[in-house]
Amino acid sequence: MAPRPAVLFVCPDAVGQRMSGLGIRYVELARALSAYADVTVASGAADSTPVDDVQTACYAVHAPSQLRPLIARSDVVVAPPQWPLVASWLRSCDARVIHDVYTPEALETAQLFAGHRPAVRRLMASWTLDRLHDALSSAHHLICASEKQRDLWIGALLATRRITPERCDRDPGLRETIDAVPFGTAIQPPLRSGASGIRERFPQIGAGDEIVLWNGGIWRWLDAPTAVRAVALLGERRPGVRLVFMGAAAAAQAASQRATEEAEAVARELGVMDRGVLFHRDWVPFGERVEWLLDADCAISTHADTLESRYAFRTRLLDCFWAGLPIVATAGDDLAIRVEADGLGEVVAPGDVEAAANAIERVLDRGRAAYGPALAQANERCSWPIAAQALIRWIGPQSPPAERLAPSGSTRRTPAHRARSSAYLLGRPVIAGLGLRAPKG
């Protein structure tokens, strides 16, 4: 019997109780791959905690010495684009390297650093693109979250001369070069954990009130003010409706805090703060989110019309599929298309407050149970074992030959790229102090 391959997921974010999107993704993919490989998830966040059924390890993102022996012992490494030091280790290692570009990080960075000094914003944008270019060189395979994202990254591969006639001969559809590994949903049914839910956290919510849940963080590329205005408008004719933000400023990042403050200012201006609109400022542990999802009557996810929203994959909406919670979403991304096509809720144009208010009302009038069968079917199609099929194909004994997108020595970095990498290596202690982990996930 052939030995089981050793697979390493490199996650700059927390795993355990305080997981954001990337941590959830890698823990669940590790579980899906555990039948085929020995899997470790390495977390670069100090607030990580053990995961019962997943082998975990810790490293420091900007002082990653603990990561190097893990890479050396691995047959396969799955990681988002890395900072220069780890990127150099991945270029020279013997493992099959699979870079995960499910987060359109370059598009997020443009908004994440809005309001900073122009020089800082340009540097962060350039570093993000440098890491992407390194990933497009060192990877044997790429994974992303959707077919729309796959088209984006095929364009990037074409522009950087990674799609050669020889590669097209070997891989005509480029499925062995880049494939979709979407965010998935849990197989287990959503059962209450016994922890406090929305009504326990917010005693001002009455027994007959209707709860509209924003079940994630608040970020600049989202549009929380439109959700606030829509619920305030709906509240004029439906006074028992309540909007609850589950993760308001729970991420200790300035961009999240500023976006939360903007939403709070709108709620105060409209006179609905702490009445019709409620902000939860602590992190809901991963295992307790089910209470919030089961307490709600409707979910909402609104975003602005930006490039980020066009290529984003709103991972928190999949929790709504799992919990049978209908959704009001802004049009423009892949999951909104699915919500509309499969009857999982309502879809509205970006920034249209009246349309959002009317859509919430239609969902509440139909009732949560009416959407249950369609949401259950969507959840079955999105389970983690199904989502992980490309990775399973690449780690097994029948996996295709491992060939890097750019053979060693065949690419040259620009002088500016080399200079920024050198500046990073010299300035790692300062960068670590700023808390930059990237990607956000």
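Worth a mention:
- Springs join every pair of Cα atoms under 10 Å in this Gaussian network model of the chain, and among 12, 203, 80 the largest mean-square fluctuation is at 203.
- Scalar couplings 3J(HN,Hα) for the range 86-91, obtained by applying the Karplus form with A = 6.51, B = -1.76, C = 1.60 to θ = phi - 60°, are 5, 4, 5, 5, 5, 5 Hz; x denotes Gly and Pro.
- Per residue value of the accessible surface for the chain (all protein chains in place, 1.4 Å probe), Å²: 42 Å²
- Mean projection area, nm², convex hull over Cα of the chain: 21.1 nm²
- Distant-in-sequence amide contacts of residue 241, defined by a placed amide H-H separation under 5 Å and a gap of 5 or more residues or a different chain, comprise 210.
- For the pair the range 297-312 and the range 66-81, the centres of their Cα atoms are 33 angstrom apart.
- Dimensionless Rg ratio for the range 55-181, taking C-alpha atoms and the 2.2 N^0.38 Å reference: 1.13
- Listed residues 365, 179, 319, most fluctuating in the chain (Gaussian network, C-alpha, under 10 Å): 365
- Relative contact order (%) - criterion: Cα under 8 Å, at least six apart; region: the range 15-121: 17 percent
- Restricting attention to the range 18-137, close to 20% of DSSP beta bridges with both partner residues there are antiparallel.
- The range 23-107 shape via C-alpha gyration tensor axes, a/c threshold 1.5: rounded
- The chain: calculated mean residue ellipticity at 222 nm from DSSP helix runs of at least 4, using -39500 (n - 2.57): -13000 deg cm²/dmol
- Relative contact order of the chain, defined on C-alpha pairs under 8 angstrom at six or more residues apart (%): 18 percent
- Shape of the range 103-155, Cα gyration tensor, a/c cut at 1.5: oblate
- Built amide H within the under 5 Å cut-off of residue 41, gap 5+: 9, 55, 56, 57
- For residue 137, neighbours were defined as the other residues whose beta-carbon sits under 13 Å from its Cβ, and their charges (Lys and Arg +1, Asp and Glu -1) total +4.
- Around residue 115: net Lys/Arg minus Asp/Glu count, Cβ-Cβ under 15 Å: +2
- Radius 9 Å from Cβ of residue 230, net charge of other residues (Lys, Arg +1; Asp, Glu -1): -1
The values are calculated or read from the model by the stated rules, or taken from the named source; none is laboratory data. Quantities reported herein were computed from a predicted structural model and do not represent experimental measurements. Cβ: placed from backbone, ideal geometry, glycine included. Neighbour counts: every protein chain shown. These area figures cover heavy atoms from the full protein model, side chains too; ligands, DNA and RNA do not enter into them. Shrake-Rupley method; radii C 1.70, N 1.55, O 1.52, S 1.80 Å.
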